[in-house]
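Asks: This structure is in structure tokens; I'll ask about it shortly.
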Amino acid sequence: MAEIWRTQRPIRGRIQAVTPQLIEEHVLAKPWFDREGLIVACDDSRLVGFVHAGFGPDCAHANVDCSQGTTCLLLVAPHDNRPMIAAELLAASEDYLRRRGAQQLYAGSQFPLNPFYLGMYGSSDLAGVLASNVGWVHLLTNSGYQPKVRRVLAARTLAGFRPPVDRKQMQVRRKFKVAEPKYVVPENWWDACVWALHEWTQFNLVLAGGGEPIISATFWDVEPLGHNWGLQTVGLVKLEDTHEARDEGLTSYLLADALRQYQSAGYAQFEAQIAATDASLRTIFAELGLTEYDEGALWEKG
């Protein structure tokens, strides 16, 4: 599997330097793993491709729900019959998902259908099928899938980063402060499975005199992708804010201060994802100097 992965055309959001150990740690050794969902294609005794099918959680995020299934990843090595092999692997994945009870089929790993490949495909999170992954996009289009939920990938170097200074930000600074960051853990079984190898750090915005968090942002070290890029990279896991907080400049202030602290700690790059329809957050990230460089989508079988 690692050899097949390394034959793929390099794209920014897919780790290239894959080893058997990485696949073992980030896929096979997950707290929840079904070996029958990992299907391989062979040419005689040579492995030439694989597809990995999986599921998401139930409403309580306490167990697996097989009513909706997704083809998490599909890779085929260079081969004379590569398109045919890819199509047959996708069909095998769909057959497996239906046999397990899936009533709706998807392609790509994106929350909540995000069981595997965190840190190996995507960026700050699993984004679905990347637009830059043109072969997979072409296969899905020809197989009756349509993009359903789109996410934009954005990033910036932290070298030379300076928090924005304007009248609104100065007013925020007088009334609020960013509390000491703290480690937090997932609150449910599913997130604990997905994020088992990673730690979350939460930054909270509070009143200048202290008190309960008003808004918060949670980050993680993007690994092993960051190592693949050669940059110590921090990624945004989730942002818990409000439209009012964005309008008043609170969200910008919290994110900017967190980036300043990561810059001081030696981090070189920041990665984030935004729902393609979230215009206000895309504007905030643009103001913070992030550049949008790719798009991911969860594809749905029509």
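The values are calculated or read from the model by the stated rules, or taken from the named source; none is laboratory data. Please read these numbers as outputs of a predicted model, since none were measured by experiment. Here Cβ is always computed from backbone atoms with ideal geometry, including for glycine, and neighbour counts include all displayed protein chains. Side chains are part of the model used for accessible areas, which takes the heavy atoms of the whole protein and leaves out ligands, DNA and RNA. Shrake-Rupley method; radii C 1.70, N 1.55, O 1.52, S 1.80 Å.
Asks: What distance in nm lies between label points placed 7 Å from Cα along the C-beta direction at VAL40 and VAL165?
Replies: 5.9 nm
Asks: From largest accessible area down, sort MET1, MET84; use a 1.4 Å probe on the protein chains.
Replies: Ranked list, largest accessible area first: MET84, MET1.
Asks: What do you get for Rg/Rh over the chain if you use C-alpha atoms and the Kirkwood form of Rh?
Replies: So for the chain, dividing Rg by the Kirkwood Rh gives 1.00.
Asks: Could you calculate the FRET efficiency of GLN103 with GLU199 from 1/(1 + (r/R0)^6), where r is the beta carbon distance between them and R0 is 41 Å, rounded to 0.05?
Replies: 0.70
Asks: Please report the carbon-and-sulfur percent of the accessible area for the range 1-114; probe 1.4 Å, protein heavy atoms only, DNA, RNA and ligands left out.
Replies: The computed percentage sits at 50.
Asks: Here is a further query. Give me the lysines in straight-line cross-link reach of LYS168: C-alpha distance below 22 Å, same-chain residues under 8 apart excluded.
Replies: Of all the lysines, those that pass the test against LYS168 - Cα under 22 Å, at least 8 places apart if same chain - are LYS177.
Asks: Follow-up question, since we're still on this one. Compute the Kirkwood hydrodynamic radius of the range 87-236, taking the inverse of the mean of 1/r over all pairs of distinct Cα atoms, and give it in Å to one decimal.
Replies: 18.7 Å
Asks: Could you state the principal axis extents of the C-alpha atoms in the range 166-292, from the largest down, to the nearest angstrom?
Replies: Its Cα atoms span 40, 32, 31 Å along the three principal axes.
Asks: Right, another one. Answer with one residue from VAL51, ILE39, HIS79: the one whose Cα lies farthest towards the positive end of the charge dipole of the range 1-89, charges on Cβ with Lys, Arg +1 and Asp, Glu -1.
Replies: Checked the options; the winner is HIS79.
Asks: Sticking with this one: Quote the charge dipole size of the range 1-81 about the Cα centre in Debye, to the nearest 20; the model charges only the Cβ of Lys and Arg (+1) and of Asp and Glu (-1).
Replies: Dipole size: approximately 380 debye.
Asks: Can you tell me the equivalent ellipsoid semi-axes for the range 143-186? Use √(5λ) from the Cα gyration tensor, largest first, whole Å.
Replies: Equivalent ellipsoid semi-axes, largest first: 35, 18, 14 Å.
Asks: Out of residues 5 or more away from LYS238 or on other chains, whose amide H comes under 5 Å of its own, with H placed 1.01 Å from N in the peptide plane?
Replies: THR218
Asks: Per residue, how much accessible surface does the chain expose to a 1.4 Å probe? Answer in Å², no decimals.
Replies: 46 Å²
Asks: Size of the dipole of the chain about the Cα centre, Lys and Arg at +1 and Asp and Glu at -1 on the beta carbon, nothing else charged, in debye to 20?
Replies: Result for the chain is approximately 700 debye, rounded to the nearest 20.
Asks: Provide the solvent-accessible area of GLU88, counting protein heavy atoms only and rolling a 1.4 Å probe, rounded to the nearest 10 Å².
Replies: Using a 1.4 Å probe on the heavy atoms, I get roughly 110 Å².
Asks: Could you work out what % of the accessible surface of the range 146-302 is carbon and sulfur, using a 1.4 angstrom probe and leaving DNA, RNA and ligands out of the count?
Replies: Reported share for carbon and sulfur atoms: 49 percent.
Asks: Given the whole protein assembly as supplied and a 1.4 Å probe, what does the accessible area of ILE214 come to in Å², nearest 10?
Replies: 80 Å²
Asks: Probe radius 1.4 Å, ligands and nucleic acids left out: which of GLU24, GLU271, GLU180 has the largest accessible area, and how do the rest follow?
Replies: Solvent-accessible surface, decreasing: GLU180, GLU24, GLU271.
Asks: When only C-alpha pairs under 8 Å and at least 6 residues apart count, what is the relative contact order of the chain, in percent?
Replies: Computed value for the chain: 22 percent relative contact order.
Asks: Given the range 1-85, what whole percent of its Cα pairs are spread farther than 22 Å?
Replies: The share of Cα pairs beyond 22 Å in the range 1-85 comes to 34 percent.
Asks: Within the range 207-302, what percent of beta bridges assigned by DSSP are antiparallel, to the nearest 5?
Replies: 65 percent
Asks: What is the sum of charges, Lys and Arg at +1 and Asp and Glu at -1, for the other residues whose Cβ falls under 15 Å from the Cβ of PRO186?
Replies: Summing Lys and Arg as +1 and Asp and Glu as -1 gives -2.
Asks: I would also like to ask the following. Dipole magnitude of the range 151-286 about its Cα centre, charges +1 at Lys/Arg Cβ and -1 at Asp/Glu Cβ only, in debye to the nearest 20?
Replies: 620 debye
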